[in-house]
1. I'd like the residue in the stretch B:212-233 that is surrounded by fewer than 24 Cβ atoms within 10 Å (Cβ to Cβ) and closer than 22 Å to B:VAL74 by Cα and, out of all such residues, is farthest from the chain's Cα centre (by Cα).
2. Take B:VAL152 and tell me if it is in a helix (DSSP H, G or I), within 13 Å of another protein chain (Cβ to nearest Cβ) and either over 17 Å from B:ALA222 (Cα atoms) or modelled with pLDDT of 95 or more (or both).
3. Do we have any residue at all in the stretch A:36-43 that's more than 13 Å from chain B (Cβ to nearest Cβ) and either in a helix (DSSP H, G or I) or modelled with pLDDT of 90 or more (or both)?
4. Of the residues B:SER99, B:SER104, only one is away from every other protein chain (no Cβ under 14 Å) and closer than 30 Å to A:LYS47 by Cβ; which?
5. Among (1) surrounded by 20 or more Cβ atoms within 10 Å (Cβ to Cβ); (2) under 14 Å from A:CYS270 (Cα atoms), there is one condition A:GLY181 misses while meeting the rest; what is its number?
6. Does the stretch A:174-193 contain any residue that is under 28 Å from B:ASN267 (Cβ atoms), of a type in the set (Asp, Glu) and in contact with a strand residue (DSSP E or B) (Cβ under 7 Å, 6 or more places away or on another chain)?
7. Only one residue in B:GLY246, B:GLY242, B:GLY236 is away from chain A (no Cβ under 11 Å), at positive phi, under 18 Å from the mean Cα position of the chain (by Cα) and crowded, with 20+ Cβ neighbours inside 10 Å. Which one?
Amino acid sequence: MKKVLSLTLALIMIFALCSIGVAHADNPVVKIGVFEPQSGDNGAGGKQEVLGMQYANHLTPTVDIGGTTYDVELIYADNASSNDKAPTAAQTLISSGVSLVLGSYGSGVSIAASDTFDAAGVPAIGVTCTNPQVTAGCDVYFRICFLDPFQGTVLANFAKSELGATKAYCLAKQGDDYSGGLCNYFIEAFGKDNCVYEQFPEGTSDYSTYITNAQNQGCDVFFSPVSTEAAAQIIAKADTQALGMPILAGDTWDSNVILQAAKGTNVKICVTTFYQEGADAEFDAGIKSWINSDATALANNGGNDELAAVTVMGFDAYYVALEALKAAGSTDPADVLEVLPSVTYTGVTGAIAFDDIGDAKRDSAFVKQCNTETGVWDFVSVATVG
Amino acid sequence: MDVLKTTLPYIISGISVGGQYALIAIGYTMVYGILRLINFAHGDVFMVAGLMMVYLSASLPLYLSIPLMILLTVLLGFTIERVAYKPLRSAPRMSVMISAIGVSYLLQNLALYITGGLNKNYPQIPWISDRISLFGMETSRVTVITPFLTIVLVFALVMLINHTKIGMAMRAVSRDFETSQLMGIQINRVISATFIIGTFLAAVGSILFFTNYPGVVPTSGAMPGLKAFVAAVFGGIGSIPGAVIGAFIIGIAESVIKGLDTILIVNGVISEQIGLATFSDAFTFVLLIIILVFKPTGLFGEKSTDKV
């Protein structure tokens with residue numbers, strides 16, 4: 001009896017495998033790796049970034065490479081927002097034969113995985129990882145977003161001139177390359193003597209003391225470019241303890257997690273980001289109707305169709321990857337790597353071209369403020385440094 | 001600014017954190033007292049309680065969802081004991097502990113699967129999450145309520161242990177497992193009652209904790225659970241007053257260390273930041289090592305009358 005049962009199960013599995021094979025038999029497949037956090041501190045952001053790639057894949061599911069039409073398949077690997085899990089996730093992608101990789105949200109995991117990609121010679125395109133070290137020491141890492149030295153300077157200028165701040169409280173997560181790096185560049189631009197810099201350890205849930213610290217030291221701006229999970233808690237505490245100063249953060253906070261946390265509170269929040277919703281009305285309408293039509297996509301976007309800039313960046317990244325594949329004329333990672341530095345593309349977030357290090361040439365950022373009554377972002381200004 | 005006004009917010013938030021640790025620590029210490037088992041899954045039961053509240057309150061009004069959440073959490077604690085610990089009653093103690101670690105990971109991964117790893121916003125509970133002003137500082141009402149509620153619950157628990165039949169049975173079992181069985185105590189009932197009380201307190205603790213820090217992720221229970229465990233060891237594992245006092249000491253110390261830089265700067269003791277805030281967690285675990293080296297039984301350990 002047991003033999004019959006196991007035989008039946010085995011047969012079912014074989015048939016299932018065959019049917020998958022049949023479904024994709026018409027076109028050859030090119031694989032693009034999606035190296036993004038799906039869980040952990042940055043899970044929410046990672047999912048939103050993936051949404052953009054999925055939408056792009058939904059619009060353009062095929063690509064012509066060297067005269068042949070290929071089906072594009074996205075291969076996912078969860079780096080769990082954790083620097084020690086990142087190399088394993090990267091290795092998973094390499095083993096499944098991807099031509100190039102997109103991601104990750106969060107600079108730390110990208111830095112941690114860069115050696116793995118480098119050793120395998122698989123090119124990677126960072127979508128929103130803004131720490132300079134992602135591309136600096138690595139020949140295969142490129143990126144399409146601006147960098148933290150730029151973002152930190154923009155934020156520091158904004159704090160000084162627009163908010164009139166003279167003393168800043170900076171809060172980063174211990175051992176986190178993104179928040180720590182961005183805080184350092186902010187402090188550099190703002191002036192070290194006028195900044196109070198503190199770090200909280202992993203697993204912190206009580207942020208009330210940091211709020212009290214900022215108040216007691218007489219700061220007039222609270223800079224905390226930390227993960228959205230911590231952000232939600234900080235906003236809640238800032239409200240109950242009447243923080244009394246604006247909160248400033250980087251691109252990570254451009255997320256509807258922040259909007260939900262801030263709605264109905266009495267906290268002023270300003271962020272710098274890559275894209276302002278409304279800049280391309282046609283694109284906005286398209287992606288919103290797609291998100292609303294797909295229950296999983298809607299859940300991954302936090303339950304509403306408010307667009308995060310990282311989603312739009314994910315969308316552009318997918319097309320940069322397709323451009324690279326077209327230019328390479330082959331699905332071999334080595335060929336893609338060779339042509340990638342000269343790839344250019346004009347996406348929804350603007351023109352993308354790479355410099356010598358592999359960073360995008362970008363010189364402007366959007367500043368947005370959270371409208372705590374309606375729970376949406378209000379456009380403030382376009383910031384440049386120069 | 002005077003010393004009191006700058007220090008008070010840290011003390012108050014520390015007492016509140018301590019109260020929350022205390023409610024979890026009791027669960028550790030009671031189970032240890034009776035089964036000699038460190039129930040590693042306890043912190044995760046606390047996290048599951050938070051998640052249940054998130055999902056229940058989405059479809060039910062609060063006056064139904066809070067009791068239902070507590071009931072389900074208690075049921076979870078009871079089931080874990082029956083499924084994962086009871087079959088191992090005669091096995092070596094290490095096997096039960098490994099089973100507890102397994103349950104802990106199971107709960108974390110189930111939560112990861114259900115939530116998709118995303119942060120869930122804890123519902124606002126009216127009245128207790130309101131903002132109040134206390135000695136010129138702004139805080140939420142739950143911060144003030146927590147220590148008092150903790151003390152009331154602990155008092156009720158001590159009464160239960162000292163003056164009821166089940167309490168007497170608990171004391172007997174914690175003294176001598178086999179003899180109390182011979183004397184006709186139904187050991188399984190006593191153990192179940194212990195788990196029910198422990199998880200009930202963890203469920204109440206989760207309401208207080210997540211109202212104060214409103215975000216639930218699968219690893220939310222890990223750090224508070226670990227700190228509560230340290231508190232239980234610090235106070236002398238097996239002793240309820242010990243666990244409570246240990247929890248308050250750790251809560252306050254942690255909070256003050258986080259603000260120590262600021263306190264010292266504002267009061268003119270030092271002029272530059274020295275980065276002490278970074279060591280708030282390290283302090284807790286250094287304390288654990290010190291107490292284990294110099295007084296392995298903890299502050300109140302081995303006082304058999306306090307044992308459960």
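1. Restricting to residues being surrounded by fewer than 24 Cβ atoms within 10 Å (Cβ to Cβ) and closer than 22 Å to B:VAL74 by Cα, the top hit is B:GLY215.
2. On the way: in a helix (DSSP H, G or I): yes; within 13 Å of another protein chain (Cβ to nearest Cβ): no; either over 17 Å from B:ALA222 (Cα atoms) or modelled with pLDDT of 95 or more (or both): yes.
So B:VAL152 fails the test.
3. Our first condition is that a residue be more than 13 Å from chain B (Cβ to nearest Cβ); within the stretch A:36-43, this holds for none.
No; the residues of the stretch A:36-43 include none that is more than 13 Å from chain B (Cβ to nearest Cβ) and either in a helix (DSSP H, G or I) or modelled with pLDDT of 90 or more (or both).
4. Details: B:SER99 fails: closer than 30 Å to A:LYS47 by Cβ.
Answer to the selection: B:SER104.
5. Unmet condition: (2).
6. No - not one qualifying residue is present in the stretch A:174-193.
7. Numbers: B:GLY246 fails: at positive phi; B:GLY242 fails: at positive phi.
Just a single option satisfies the conditions, and that option is B:GLY236.
Every residue, every condition in (1) of a type in the set (Lys, Arg); (2) crowded, with 21+ Cβ neighbours inside 10 Å; (3) within 24 Å of B:THR199 (Cβ to Cβ); (4) modelled with pLDDT under 90, yes or no:
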residue: B:ARG89; (1), (2), (3), (4): yes, no, yes, yes
residue: B:LEU106; (1), (2), (3), (4): no, no, yes, no
residue: B:ASN109; (1), (2), (3), (4): no, no, yes, no
residue: B:LYS120; (1), (2), (3), (4): yes, yes, yes, yes
residue: B:PRO126; (1), (2), (3), (4): no, no, no, yes
residue: B:SER129; (1), (2), (3), (4): no, no, yes, yes
residue: B:LEU134; (1), (2), (3), (4): no, no, no, yes
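The values are calculated or read from the model by the stated rules, or taken from the named source; none is laboratory data. Model, not experiment: these values are computed from the prediction. Here the Cβ is made from the backbone with ideal geometry for all residues, glycine too, and neighbour counts use every protein chain on show.
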